[in-house]
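Below is a structure I'd like to ask you about.
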Amino acid sequence: LKERNATMRKIEIPTSIIKLILTLIGCTLAVALGFYLAKNPEYFISFKFRSPQFIRIVGIITVCLFSLAWLYIIPKLFDRKPGLILDEKGITDNSSFISVGLILWKDIVSIRTGKIKSNKFLIIDVCNPEKYVKGYGKVKTLLLKANIRLYGTPLSISSNGLKYNFKNLEKLIQTEFEKYKEKPNS
């Protein structure tokens with residue numbers, strides 16, 4: 001965590017290379033398992049999964065999804081930009097594949113916590129969600145729109161790829177939001 005210049009306060013949270021490497025190892029294992037499922041589905045036939053075609057399809061989907069993750073993680077290992085920057089303009093998110101860059105404080109309505117299994121993440125509610133979906137490739141746009149359907153916003157931030165734990169990240173972002181959010185006219 002770096003903080004620059006007291007007058008122009010800028011907080012930078014670096015990407016965690018260790019977390020990225022561990023994720024890459026996990027993806028590699030998943031690709032290997034998916035390949036094995038696709039190549040040898042008959043070994044996995046059970047009372048619950050009787051169809052070799054279904055098992056083969058699961059294997060192929062697993063290979064495709066986790067290979068896509070590789071395409072994000074490998075370049076990210078060499079990306080020296082901070083994973084997250086907080087300053088007077090807003091939150092610049094560079095922490096995941098579906099990061100959108102600068103999220104302006106003035107666009108943020110609220111920040112809440114979401115959870116999938118044991119993974120917690122911050123859900124950033126904005127006044128104009130569609131603004132943050134435009135100008136990306138098909139896959140990223142599809143994922144951002146899926147977030148809108150699930151959470152009402154395309155924006156979420158996790159500490160999974162950052163050198164920072166979730167509890168501290170949540171506290172930091174909430175504190176900065178309170179400091180910079182636009183106050184209603186009295």
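The values are calculated or read from the model by the stated rules, or taken from the named source; none is laboratory data. What you see is a predicted model; the values in this text were computed from it and never measured. Cβ placement follows ideal geometry from the backbone for every residue including glycine, while neighbour counts extend to all protein chains displayed. Just so you know, the surface numbers come from the protein's heavy atoms only, side chains and all, with ligands and any DNA or RNA stripped out. Shrake-Rupley method; radii C 1.70, N 1.55, O 1.52, S 1.80 Å.
Sorting L29, L104 by accessible area (1.4 Å probe), largest first, what list results?
Correct descending sequence by accessible area is L29, L104.
Angle between the Cα long axis of helix 17-39 and the longest principal axis of the chain, 0 to 90 degrees, nearest 10?
Here the helix axis deviates by roughly 30 degrees.
Rounding to the nearest 20 debye, state how big the charge dipole of segment 39-89 is about its Cα centre with +1 on each Lys and Arg Cβ and -1 on each Asp and Glu Cβ. Don't jump to the answer; show the numbers that get you there.
On the way: 8 positive and 4 negative charges, 43 e Å.
Dipole magnitude for segment 39-89 comes out near 200 debye.
Which one, I85, Y43, W105, projects farthest toward the positive side of the charge dipole computed for segment 1-123 from Cβ point charges (K/R +1, D/E -1)?
Y43
Please give the helix 166-180 orientation as an angle from the longest Cα principal axis of the chain, in degrees from 0 to 90, rounded to the nearest 10.
With rounding to tens, the tilt is 30 degrees.
While we're on this one: Taking only Cα atoms and a 10 Å spring cutoff, compute GNM fluctuations for the chain and point out the largest among E12, E176, E130.
E130
Now a separate question. Kindly state, as a whole number, the per residue volume in cubic angstrom of the convex hull around the alpha carbon atoms of the chain.
143 Å³
Pairs of Cα atoms under 8 Å, at least six residues apart: use those to get the relative contact order of the chain, whole percent.
21 percent
May I pose another question? Can you tell me the 0 to 90 degree angle between the C-alpha axis of helix 138-151 and the longest principal axis of the chain, rounded to 10?
The angle comes out at about 70 degrees.
Let me ask you something else. In nm, what is the difference between 0.36 nm times the number of residues separating R50 and R9 and their Cα-Cα distance?
8.8 nm
For segment 33-100, report the translational diffusion coefficient in µm²/s to the nearest whole number, using Stokes-Einstein at 10 °C, 1.306 mPa s, and a Kirkwood Rh over Cα pairs.
Approximately 108 µm²/s, per Stokes-Einstein.
To the nearest 20 Debye, how big is the dipole of the chain about its Cα centre, given +1 on the beta carbon of each Lys and Arg and -1 on that of each Asp and Glu?
220 debye
What trypsin sites (Lys or Arg not before Pro) in segment 96-186 are in a loop by DSSP, with at most 13 other Cβ atoms within 10 Å of the Cβ?
In loop regions of segment 96-186 (DSSP not H, G, I, E or B), the sparsely surrounded trypsin sites (Lys or Arg not before Pro) are K117, K134.
If the limit is 18 Å between Cα atoms, which of K10/K179; K39/K140; K89/K163; K10/K171; K76/K163 go over it?
From K10/K179; K39/K140; K89/K163; K10/K171; K76/K163, over 18 Å: K39/K140; K89/K163.
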